[in-house]
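Participant: Structure provided below as structure tokens; questions to follow.
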Amino acid sequence: MIISRIYEINEQMNHLKKKEQERNDIEKLKEYQVKFQSLVNDVNQLIENISYLKNVFDFVVDEKLLEQLFEFVTKLDCMTNLNNLSDTFLTEKIEDYKTIRQAINKIWFSFRSKNILVNIQSTLNIVKKMNPDQVSIYLDHLKLANKVDVKHEELIKFYNAVEESKDFINSLNMKPEVIDFLGKMNNGKARFGDLNDSVNLWIKENGLERKIKLSF
């Protein structure tokens, strides 16, 4: 009788352990699914943003990096059975993605500075007094999108700020020699000899004498 009871208790305990293990497995699977879906969403967002930046700014990612990215996407597509995933395996995939993303962000940051923002920010700072409130908004929005993997709305806001800043600068009707002078000044290459009559007149008309910096 006692032996039978002990056997029964053991059976119940084993059953409870099995149920607990099943619950743990389900929770772990849910955790994997959340991590995996987050990774997929991040990758899709990155690809969408790269495509957008290519369309609006002619931004081009290194071909080898693109190959790595698309190979990574192919591997994600093959990961259909999450039951077979280990935590280590998923963590490795997340780290692989971070490495690719960081490399792309580095290329974008350099491109953004050298090909998009060159002269725009510094010119806006020089002419800020002409429309301080609006120029401040432009300058704030030009600080956005220093990475590719930001929300898509941030990239759109950045693009709009770039275009509106260019339109604002163009609306000042600066002569080519003035634009040339400001470009030199922004790069620390403006000299006294660059201050011709047109440049001097524009500076005086807009009260920007204290903003001018020369290398002599």
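Participant: What's the total number of residues in the range 129-153 that are assigned to a helix (DSSP H, G or I) and farther than 16 Å from Asn55 by Cα?
Facilitator: Residues that pass the stated criteria total 12.
Participant: Please pick out the residue among Gly183, Gly207 that is loosely packed, with under 14 Cβ neighbours inside 10 Å, touching a residue at least 12 places away in the same chain (Cβ under 8 Å) and under 23 Å from Ser136 (Cα atoms).
Facilitator: On the way: Gly183 fails: loosely packed, with under 14 Cβ neighbours inside 10 Å.
None of the other options fit; the residue is Gly207.
Participant: Separate question: Filter the range 21-70 down to residues that are among the basic types (Lys, Arg) and within 19 Å of Asp149 (Cα to Cα) and give me whichever is modelled with the lowest pLDDT.
Facilitator: Lys35
Participant: Using beta carbons and a limit of 6 Å, which pairs, at least six apart or on different chains, have the first residue in the range 105-125 and of a type in the set (S, T, N, Q) and the second one surrounded by 14 or more Cβ atoms within 10 Å (Cβ to Cβ) and part of a loop (DSSP other than H, G, I, E, B)?
Facilitator: Final answer for the pair search is Asn105/Lys147; Asn105/Val148; Gln121/Leu142.
Participant: Could you tell me how many of the residues in the range 126-145 are touching a residue at least 40 places away in the same chain (Cβ under 8 Å) and surrounded by fewer than 16 Cβ atoms within 10 Å (Cβ to Cβ)?
Facilitator: Residues that pass the stated criteria total 2.
Participant: Among the residues that make up the range 152-164, is at least one of them within 30 Å of Asn200 (Cβ to Cβ) and either at pLDDT below 90 or not basic (Lys, Arg) (or both)?
Facilitator: As a first pass, look at the range 152-164 and keep what is within 30 Å of Asn200 (Cβ to Cβ): 162, 164.
Among the residues that remain, those that are also either at pLDDT below 90 or not basic (Lys, Arg) (or both) are: 162, 164.
Among the residues of the range 152-164, at least one is within 30 Å of Asn200 (Cβ to Cβ) and either at pLDDT below 90 or not basic (Lys, Arg) (or both), which makes the answer yes.
The values are calculated or read from the model by the stated rules, or taken from the named source; none is laboratory data. Just so we're clear, the structure is a prediction, and the values are computed from it rather than from any experiment. Positions of Cβ are backbone-derived with ideal geometry, glycine not excepted, and every protein chain shown enters the neighbour counts.
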